[in-house]
1. Taking the stretch 40-57, which residues are loosely packed, with under 14 Cβ neighbours inside 10 Å and either in contact with a strand residue (DSSP E or B) (Cβ under 8 Å, 6 or more places away or on another chain) or at negative phi (or both)?
2. Identify, by number, the condition in (1) assigned to a helix (DSSP H, G or I); (2) touching a residue at least 40 places away in the same chain (Cβ under 8 Å); (3) over 14 Å from the mean Cα position of the chain (by Cα) that residue 52 doesn't meet.
């Protein structure tokens, strides 16, 4: 069976370098939003304030949406190439 697609090389095996090149920006986005959400979450744990918990949940929701938009846009970009 012959595989074709952006993540397969000419031999039909997975192209690890290409996969890692696509994975790194997504991992950076996830780590960035996780770190930003950790700050209000740590404040909420130490001060027992509901506002900071809600703020961290909001940051995680926005971060998830941005990562999802990035993945979909990159997938469309790869499909057109």
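Read-outs: derived from the displayed coordinates by stated rules, not from any lab. If you're wondering where the values come from, they're calculated on a predicted model, not measured in any experiment. Neighbour counts are summed over all protein chains in view; Cβ atoms, including those assigned to glycine, are modelled from backbone coordinates with ideal geometry.
1. Result: 42, 45, 46, 47, 49, 50, 51, 54.
2. Single failed check for residue 52: (2).
This table checks each residue for (1) surrounded by 13 or more Cβ atoms within 10 Å (Cβ to Cβ); (2) outside any loop (DSSP other than H, G, I, E, B).
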| residue | (1), (2) |
| --- | --- |
| 5 | no, no |
| 12 | no, no |
| 18 | yes, yes |
| 23 | no, yes |
| 27 | no, yes |
| 34 | yes, yes |
| 38 | yes, yes |
